[in-house]
Amino acid sequence: MHGGNLAWAATLAGCPASAILDFSASISPLGPPQSALDAIRSHLSSLTAYPDPDYGELRAALGEALNVDPDWILPGNGSAELLTWAAWDLSKLEATYLVTPAFGDYWRALKAFGAKAIECPLGLKSLVAGSGNGLVTDDLSVSNGSLVSPSLCLPAPFTLDADRGLLLNNPHNPTGLLFGKQAIRPYLDRLGLVVVDEAFMDFLPPEQQESSIGAVEEFPNLVILRSLTKFYSLPGLRLGCAIAHPDILRRWQLQRDPWPVNALAAAAAAAVVRDTVFERQTWDWLPVARQELFEGLANLPGLRPFPGAANFLLVESSMSVSWIQQSLLEQQRILIRDCLSFPELGDRFFRVAVRDSADNLRLIAGLKSILDLGF
(Lines give C-alpha, C1' and ligand atoms only; values in the text may rest on other atoms or scores of the structure.)
Protein backbone atom coordinates (compact mmCIF):
# COMPACT_ATOMS: atom_id res chain seq x y z
CA MET A 1 0.00 0.00 0.00
CA HIS A 2 2.89 2.36 0.72
CA GLY A 3 6.37 2.88 -0.64
CA GLY A 4 9.45 3.10 1.52
CA ASN A 5 9.19 -0.34 3.16
CA LEU A 6 12.93 -0.69 3.55
CA ALA A 7 12.74 -3.48 6.15
CA TRP A 8 10.90 -5.71 3.66
CA ALA A 9 13.24 -4.70 0.83
CA ALA A 10 16.37 -5.36 2.90
CA THR A 11 15.14 -8.83 3.81
CA LEU A 12 14.56 -9.68 0.16
CA ALA A 13 17.87 -8.17 -0.94
CA GLY A 14 19.80 -9.74 1.94
CA CYS A 15 21.42 -6.49 3.02
CA PRO A 16 21.00 -3.74 5.64
CA ALA A 17 18.16 -1.29 5.03
CA SER A 18 20.73 1.49 4.76
CA ALA A 19 22.14 -0.19 1.63
CA ILE A 20 18.85 0.10 -0.30
CA LEU A 21 18.51 2.91 -2.85
CA ASP A 22 14.86 3.82 -2.42
CA PHE A 23 12.88 5.01 -5.43
CA SER A 24 9.59 3.71 -3.99
CA ALA A 25 8.82 6.62 -1.64
CA SER A 26 8.35 10.01 -3.26
CA ILE A 27 10.57 11.93 -0.86
CA SER A 28 12.87 14.75 -1.95
CA PRO A 29 16.56 13.73 -1.95
CA LEU A 30 17.61 17.30 -1.07
CA GLY A 31 16.67 17.30 2.59
CA PRO A 32 16.08 17.43 5.40
CA PRO A 33 16.96 21.12 5.18
CA GLN A 34 19.51 22.44 7.64
CA SER A 35 16.81 24.74 9.00
CA ALA A 36 14.85 21.69 10.22
CA LEU A 37 17.87 20.11 11.90
CA ASP A 38 18.81 23.39 13.58
CA ALA A 39 15.25 23.86 14.86
CA ILE A 40 15.16 20.34 16.30
CA ARG A 41 18.48 20.83 18.11
CA SER A 42 17.45 24.19 19.53
CA HIS A 43 14.17 22.78 20.87
CA LEU A 44 15.47 19.67 22.60
CA SER A 45 14.81 21.30 25.97
CA SER A 46 11.11 21.47 25.05
CA LEU A 47 10.86 17.68 25.46
CA THR A 48 10.23 18.18 29.17
CA ALA A 49 6.93 19.99 28.49
CA TYR A 50 3.77 19.22 26.54
CA PRO A 51 3.43 20.96 23.19
CA ASP A 52 1.17 23.98 22.87
CA PRO A 53 -2.25 22.32 22.33
CA ASP A 54 -3.24 25.12 19.94
CA TYR A 55 0.07 25.07 18.03
CA GLY A 56 -0.07 28.85 17.79
CA GLU A 57 3.46 29.41 16.50
CA LEU A 58 3.20 26.59 13.97
CA ARG A 59 -0.18 27.74 12.67
CA ALA A 60 1.16 31.27 12.34
CA ALA A 61 4.11 30.03 10.29
CA LEU A 62 1.86 27.88 8.11
CA GLY A 63 -0.57 30.75 7.66
CA GLU A 64 2.25 33.01 6.52
CA ALA A 65 3.55 30.40 4.07
CA LEU A 66 0.14 29.49 2.65
CA ASN A 67 -1.37 32.99 2.84
CA VAL A 68 -4.20 31.73 5.04
CA ASP A 69 -5.62 32.94 8.36
CA PRO A 70 -4.12 30.64 11.05
CA ASP A 71 -7.63 29.93 12.35
CA TRP A 72 -8.26 28.07 9.07
CA ILE A 73 -5.28 25.72 9.59
CA LEU A 74 -5.03 22.53 11.64
CA PRO A 75 -1.64 20.78 11.99
CA GLY A 76 -1.73 16.99 12.11
CA ASN A 77 0.36 13.90 12.66
CA GLY A 78 1.03 13.64 8.95
CA SER A 79 -1.64 14.28 6.35
CA ALA A 80 -2.71 10.65 6.90
CA GLU A 81 -4.18 11.57 10.30
CA LEU A 82 -6.10 14.46 8.80
CA LEU A 83 -7.30 12.26 5.96
CA THR A 84 -8.88 10.04 8.58
CA TRP A 85 -10.95 12.93 9.92
CA ALA A 86 -11.89 14.05 6.43
CA ALA A 87 -13.13 10.51 5.76
CA TRP A 88 -15.15 10.70 8.98
CA ASP A 89 -16.99 13.71 7.56
CA LEU A 90 -17.37 12.06 4.16
CA SER A 91 -18.90 8.98 5.79
CA LYS A 92 -21.88 11.09 6.92
CA LEU A 93 -22.84 11.65 3.30
CA GLU A 94 -24.80 9.27 1.13
CA ALA A 95 -21.74 8.50 -1.01
CA THR A 96 -18.26 9.74 -1.86
CA TYR A 97 -16.86 9.88 -5.38
CA LEU A 98 -13.30 8.60 -5.35
CA VAL A 99 -11.12 9.45 -8.34
CA THR A 100 -9.26 6.28 -9.33
CA PRO A 101 -6.57 5.00 -9.45
CA ALA A 102 -6.55 6.06 -5.81
CA PHE A 103 -3.94 6.05 -3.07
CA GLY A 104 -4.60 3.06 -0.82
CA ASP A 105 -4.96 5.21 2.29
CA TYR A 106 -8.11 6.74 0.80
CA TRP A 107 -9.75 3.34 0.79
CA ARG A 108 -8.47 2.67 4.31
CA ALA A 109 -9.86 5.91 5.69
CA LEU A 110 -13.26 5.62 3.99
CA LYS A 111 -13.72 1.99 5.05
CA ALA A 112 -12.82 2.82 8.64
CA PHE A 113 -16.08 4.78 8.98
CA GLY A 114 -18.22 2.73 6.64
CA ALA A 115 -18.33 5.38 3.95
CA LYS A 116 -19.77 4.38 0.60
CA ALA A 117 -17.20 4.97 -2.13
CA ILE A 118 -18.11 5.23 -5.81
CA GLU A 119 -15.17 4.90 -8.14
CA CYS A 120 -14.65 7.55 -10.81
CA PRO A 121 -12.02 6.33 -13.29
CA LEU A 122 -9.63 9.07 -14.28
CA GLY A 123 -10.03 8.85 -18.04
CA LEU A 124 -8.18 5.53 -18.01
CA LYS A 125 -8.82 3.40 -21.04
CA SER A 126 -7.42 0.03 -22.03
CA LEU A 127 -4.92 -0.16 -19.20
CA VAL A 128 -4.05 -3.75 -19.96
CA ALA A 129 -0.70 -5.40 -20.40
CA GLY A 130 0.66 -4.97 -23.88
CA SER A 131 -2.19 -2.78 -25.12
CA GLY A 132 0.12 0.12 -25.87
CA ASN A 133 -2.73 2.52 -25.15
CA GLY A 134 -1.59 3.49 -21.68
CA LEU A 135 -3.03 6.58 -20.05
CA VAL A 136 -5.63 8.29 -22.22
CA THR A 137 -7.70 11.35 -21.43
CA ASP A 138 -9.59 13.45 -23.93
CA ASP A 139 -8.35 16.85 -22.84
CA LEU A 140 -4.76 16.41 -21.71
CA SER A 141 -2.02 18.79 -22.68
CA VAL A 142 1.67 18.90 -21.75
CA SER A 143 2.90 22.00 -19.95
CA ASN A 144 6.39 22.39 -18.49
CA GLY A 145 6.95 18.70 -19.09
CA SER A 146 3.87 17.70 -17.07
CA LEU A 147 0.46 16.30 -17.88
CA VAL A 148 -2.16 18.97 -17.27
CA SER A 149 -5.93 18.49 -17.38
CA PRO A 150 -8.10 21.62 -17.50
CA SER A 151 -11.17 19.56 -16.62
CA LEU A 152 -12.29 16.89 -14.20
CA CYS A 153 -15.27 15.04 -15.61
CA LEU A 154 -17.09 12.60 -13.38
CA PRO A 155 -19.17 10.12 -15.40
CA ALA A 156 -22.56 11.54 -16.39
CA PRO A 157 -24.81 9.10 -14.46
CA PHE A 158 -23.41 10.28 -11.14
CA THR A 159 -25.56 12.60 -9.06
CA LEU A 160 -24.05 15.88 -7.94
CA ASP A 161 -25.86 17.15 -4.86
CA ALA A 162 -25.29 18.04 -1.21
CA ASP A 163 -25.59 14.39 -0.13
CA ARG A 164 -22.47 13.43 -2.07
CA GLY A 165 -18.77 14.10 -1.57
CA LEU A 166 -15.58 13.99 -3.64
CA LEU A 167 -12.07 12.87 -2.68
CA LEU A 168 -9.12 13.33 -5.02
CA ASN A 169 -5.50 14.37 -5.00
CA ASN A 170 -3.87 17.10 -7.06
CA PRO A 171 -1.30 16.45 -8.47
CA HIS A 172 -2.71 12.98 -8.83
CA ASN A 173 -0.94 9.94 -7.42
CA PRO A 174 0.17 7.74 -9.17
CA THR A 175 -0.29 9.36 -12.62
CA GLY A 176 1.27 12.74 -11.85
CA LEU A 177 -1.66 14.46 -13.57
CA LEU A 178 -2.23 18.08 -12.51
CA PHE A 179 -5.80 19.37 -12.52
CA GLY A 180 -6.44 23.02 -13.17
CA LYS A 181 -8.06 24.52 -10.07
CA GLN A 182 -10.96 25.64 -12.23
CA ALA A 183 -11.61 21.98 -13.00
CA ILE A 184 -12.49 21.38 -9.35
CA ARG A 185 -14.55 24.51 -8.80
CA PRO A 186 -17.83 23.26 -10.39
CA TYR A 187 -18.00 20.44 -7.85
CA LEU A 188 -17.67 22.90 -4.98
CA ASP A 189 -20.96 24.47 -6.07
CA ARG A 190 -22.87 21.19 -6.10
CA LEU A 191 -21.38 18.66 -3.67
CA GLY A 192 -21.69 18.54 0.11
CA LEU A 193 -17.95 18.11 0.75
CA VAL A 194 -14.88 18.19 -1.49
CA VAL A 195 -11.55 16.96 -0.08
CA VAL A 196 -8.45 17.73 -2.15
CA ASP A 197 -5.19 16.14 -1.10
CA GLU A 198 -2.41 18.46 -2.27
CA ALA A 199 0.46 16.42 -0.82
CA PHE A 200 2.64 17.03 -3.89
CA MET A 201 1.53 20.54 -4.85
CA ASP A 202 4.51 22.25 -3.19
CA PHE A 203 6.89 20.59 -5.66
CA LEU A 204 5.55 23.03 -8.24
CA PRO A 205 6.82 26.63 -8.11
CA PRO A 206 4.12 29.14 -7.13
CA GLU A 207 3.49 30.32 -10.69
CA GLN A 208 2.70 26.73 -11.78
CA GLN A 209 0.65 25.58 -8.80
CA GLU A 210 -3.05 24.83 -9.21
CA SER A 211 -3.90 24.85 -5.52
CA SER A 212 -7.48 25.23 -4.35
CA ILE A 213 -6.45 26.86 -1.07
CA GLY A 214 -7.61 30.25 -2.34
CA ALA A 215 -11.19 28.94 -2.59
CA VAL A 216 -11.48 27.71 1.01
CA GLU A 217 -12.94 30.90 2.44
CA GLU A 218 -15.53 31.05 -0.33
CA PHE A 219 -16.55 27.39 0.00
CA PRO A 220 -17.10 26.03 3.55
CA ASN A 221 -17.50 22.56 2.00
CA LEU A 222 -13.86 22.47 0.82
CA VAL A 223 -11.02 20.78 2.73
CA ILE A 224 -7.41 20.91 1.56
CA LEU A 225 -4.82 18.47 2.92
CA ARG A 226 -1.12 19.28 2.76
CA SER A 227 1.94 17.17 3.64
CA LEU A 228 5.13 18.72 4.97
CA THR A 229 7.13 15.51 4.87
CA LYS A 230 7.69 14.83 1.17
CA PHE A 231 8.95 18.23 0.04
CA TYR A 232 11.15 18.67 3.12
CA SER A 233 12.30 15.03 3.41
CA LEU A 234 10.83 14.60 6.89
CA PRO A 235 8.57 11.50 6.68
CA GLY A 236 9.80 10.26 10.05
CA LEU A 237 8.50 13.38 11.82
CA ARG A 238 4.91 12.83 10.61
CA LEU A 239 3.61 16.30 9.87
CA GLY A 240 0.83 17.70 7.71
CA CYS A 241 -1.94 20.26 7.87
CA ALA A 242 -5.53 20.78 6.84
CA ILE A 243 -6.91 24.05 5.50
CA ALA A 244 -10.66 24.37 5.95
CA HIS A 245 -13.43 26.37 7.62
CA PRO A 246 -12.71 26.78 11.36
CA ASP A 247 -15.99 25.03 12.23
CA ILE A 248 -14.74 21.85 10.53
CA LEU A 249 -11.34 22.06 12.18
CA ARG A 250 -12.79 22.67 15.66
CA ARG A 251 -14.97 19.59 15.27
CA TRP A 252 -11.98 17.48 14.30
CA GLN A 253 -9.96 18.86 17.19
CA LEU A 254 -12.62 17.74 19.66
CA GLN A 255 -12.58 14.20 18.30
CA ARG A 256 -8.88 13.46 18.03
CA ASP A 257 -6.18 12.74 20.58
CA PRO A 258 -4.50 15.75 22.22
CA TRP A 259 -1.03 16.87 21.09
CA PRO A 260 -0.93 14.94 17.79
CA VAL A 261 2.17 16.87 16.67
CA ASN A 262 5.22 16.50 18.88
CA ALA A 263 7.27 19.52 19.93
CA LEU A 264 10.26 18.78 17.70
CA ALA A 265 8.09 18.23 14.63
CA ALA A 266 6.26 21.49 15.30
CA ALA A 267 9.53 23.40 15.65
CA ALA A 268 11.00 21.87 12.49
CA ALA A 269 7.85 22.62 10.49
CA ALA A 270 7.73 26.25 11.59
CA ALA A 271 11.33 26.61 10.45
CA VAL A 272 11.16 24.87 7.07
CA VAL A 273 8.09 26.67 5.74
CA ARG A 274 10.09 29.88 6.12
CA ASP A 275 13.14 28.39 4.37
CA THR A 276 12.87 30.13 1.00
CA VAL A 277 16.38 29.08 -0.01
CA PHE A 278 15.49 25.39 0.24
CA GLU A 279 12.24 26.00 -1.66
CA ARG A 280 14.04 27.62 -4.56
CA GLN A 281 16.71 24.91 -4.57
CA THR A 282 13.97 22.29 -4.94
CA TRP A 283 12.11 24.14 -7.69
CA ASP A 284 15.35 24.57 -9.63
CA TRP A 285 16.40 20.91 -9.18
CA LEU A 286 13.20 19.00 -9.91
CA PRO A 287 12.35 19.88 -13.55
CA VAL A 288 15.88 19.08 -14.72
CA ALA A 289 16.17 15.84 -12.75
CA ARG A 290 12.66 14.71 -13.70
CA GLN A 291 13.29 15.28 -17.40
CA GLU A 292 16.60 13.42 -17.20
CA LEU A 293 14.90 10.48 -15.52
CA PHE A 294 11.99 10.57 -17.98
CA GLU A 295 14.28 10.48 -21.00
CA GLY A 296 16.41 7.71 -19.51
CA LEU A 297 13.37 5.54 -18.83
CA ALA A 298 11.85 6.26 -22.25
CA ASN A 299 14.99 4.97 -23.92
CA LEU A 300 14.78 1.57 -22.21
CA PRO A 301 13.09 -1.28 -24.08
CA GLY A 302 9.61 -2.18 -22.90
CA LEU A 303 9.13 0.90 -20.69
CA ARG A 304 6.83 3.85 -21.25
CA PRO A 305 7.04 6.69 -18.69
CA PHE A 306 4.30 9.32 -18.44
CA PRO A 307 5.03 13.01 -17.86
CA GLY A 308 4.14 14.11 -14.34
CA ALA A 309 3.78 17.30 -12.33
CA ALA A 310 5.17 15.90 -9.08
CA ASN A 311 8.44 14.35 -7.93
CA PHE A 312 7.64 10.89 -9.30
CA LEU A 313 6.91 9.23 -12.63
CA LEU A 314 4.43 6.51 -13.55
CA VAL A 315 5.91 3.93 -15.91
CA GLU A 316 4.15 1.30 -18.00
CA SER A 317 6.06 -1.96 -18.49
CA SER A 318 5.69 -4.65 -21.12
CA MET A 319 6.78 -7.30 -18.61
CA SER A 320 5.95 -8.20 -15.03
CA VAL A 321 6.80 -5.40 -12.61
CA SER A 322 6.95 -7.88 -9.74
CA TRP A 323 9.80 -9.63 -11.54
CA ILE A 324 11.55 -6.34 -12.31
CA GLN A 325 11.16 -5.17 -8.71
CA GLN A 326 12.52 -8.38 -7.22
CA SER A 327 15.41 -8.54 -9.69
CA LEU A 328 16.37 -4.93 -9.01
CA LEU A 329 16.39 -5.58 -5.29
CA GLU A 330 18.37 -8.77 -5.41
CA GLN A 331 20.89 -7.68 -8.04
CA GLN A 332 21.11 -3.91 -7.66
CA ARG A 333 19.69 -3.17 -4.18
CA ILE A 334 17.29 -0.67 -5.76
CA LEU A 335 13.63 -0.46 -4.68
CA ILE A 336 10.86 0.73 -7.01
CA ARG A 337 7.16 1.07 -6.17
CA ASP A 338 4.92 -1.52 -7.75
CA CYS A 339 1.33 -0.52 -8.49
CA LEU A 340 -0.41 -3.65 -7.26
CA SER A 341 -2.36 -1.58 -4.74
CA PHE A 342 -3.92 0.27 -7.68
CA PRO A 343 -6.22 -2.40 -9.19
CA GLU A 344 -6.59 -0.43 -12.42
CA LEU A 345 -2.84 -0.63 -13.01
CA GLY A 346 -1.76 -3.98 -11.60
CA ASP A 347 1.50 -5.70 -12.53
CA ARG A 348 2.31 -3.70 -15.66
CA PHE A 349 2.97 -0.33 -14.03
CA PHE A 350 5.45 0.98 -11.51
CA ARG A 351 6.20 4.36 -9.96
CA VAL A 352 9.62 5.85 -9.27
CA ALA A 353 10.59 8.90 -7.30
CA VAL A 354 12.83 11.53 -8.85
CA ARG A 355 16.18 11.57 -7.09
CA ASP A 356 19.49 13.29 -7.79
CA SER A 357 21.31 12.75 -11.06
CA ALA A 358 23.69 10.06 -9.79
CA ASP A 359 20.86 8.02 -8.30
CA ASN A 360 18.67 8.44 -11.39
CA LEU A 361 21.48 7.22 -13.62
CA ARG A 362 22.07 4.26 -11.30
CA LEU A 363 18.38 3.33 -11.59
CA ILE A 364 18.44 3.59 -15.37
CA ALA A 365 21.58 1.44 -15.58
CA GLY A 366 20.10 -1.09 -13.17
CA LEU A 367 16.85 -1.31 -15.11
CA LYS A 368 18.76 -1.72 -18.36
CA SER A 369 20.70 -4.66 -17.00
CA ILE A 370 17.48 -6.30 -15.76
CA LEU A 371 15.52 -5.64 -18.94
CA ASP A 372 18.36 -6.94 -21.11
CA LEU A 373 17.89 -10.28 -19.34
CA GLY A 374 14.15 -10.25 -19.96
CA PHE A 375 14.23 -9.58 -23.70
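The values are calculated or read from the model by the stated rules, or taken from the named source; none is laboratory data. Bear in mind that the values here come from a model prediction, so they are computed numbers and not experimental data. Note: ideal-geometry Cβ built from the backbone for every residue, glycine included; neighbour counts use all protein chains shown.
Brief remarks on what is shown
- Look at (1) in a helix (DSSP H, G or I); (2) modelled with pLDDT of 95 or more and you find that GLU330 fails only one, number (2).
Let's see how each residue does on (1) at pLDDT below 90; (2) in the same structural domain as LEU340 (by TED's automatic domain parsing); (3) crowded, with 20+ Cβ neighbours inside 10 Å:
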site: LEU98; (1), (2), (3): no, no, yes
site: ASP105; (1), (2), (3): no, no, no
site: LEU122; (1), (2), (3): yes, no, yes
site: CYS153; (1), (2), (3): yes, no, no
site: ASP161; (1), (2), (3): yes, no, no
site: LEU166; (1), (2), (3): no, no, yes
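- From GLN281, GLN291, residue being out of contact with any helix residue (DSSP H, G or I) (no Cβ under 9 Å at 6 or more places or on another chain), assigned to a helix (DSSP H, G or I) and under 13 Å from SER35 (Cβ atoms): GLN281
- If you go through segment 289-315 and keep only what is under 17 Å from ASP359 (Cβ atoms) and either in the same structural domain as PHE200 (by TED's automatic domain parsing) or polar (S, T, N, Q) (or both), you end up with GLN291, ASN311.
- Residue count, segment 172-198 (criterion: assigned to a loop (DSSP other than H, G, I, E, B), under 20 Å from PHE219 (Cβ atoms) and small (Gly, Ala, Ser)): 2
- The set of residues in segment 257-289 being surrounded by fewer than 17 Cβ atoms within 10 Å (Cβ to Cβ) and charged (D, E, K, R) consists of ASP257, ARG274, ARG280, ASP284.
- Odd one out for LEU44 among (1) at pLDDT 95 or above; (2) surrounded by 14 or more Cβ atoms within 10 Å (Cβ to Cβ): (2)
- Restricting attention to segment 228-248, the residues that are within 20 Å of TRP283 (Cβ to Cβ) and either in contact with a Leu (Cβ under 8 Å, 6 or more places away or on another chain) or of a type in the set (D, E, K, R) (or both) add up to 5.
- Taking (1) more than 30 Å from GLY192 (Cβ to Cβ); (2) polar (S, T, N, Q); (3) at pLDDT below 95 in turn, GLN281 satisfies each apart from (3).
- TYR50 at negative phi and assigned to a strand (DSSP E or B): no
- Evaluated against (1) closer than 23 Å to SER26 by Cα; (2) part of a loop (DSSP other than H, G, I, E, B), ARG226 falls short on exactly one condition, (2).
- Test result for LEU367, in a helix (DSSP H, G or I), surrounded by 20 or more Cβ atoms within 10 Å (Cβ to Cβ) and of a type in the set (A, V, I, L, M): yes
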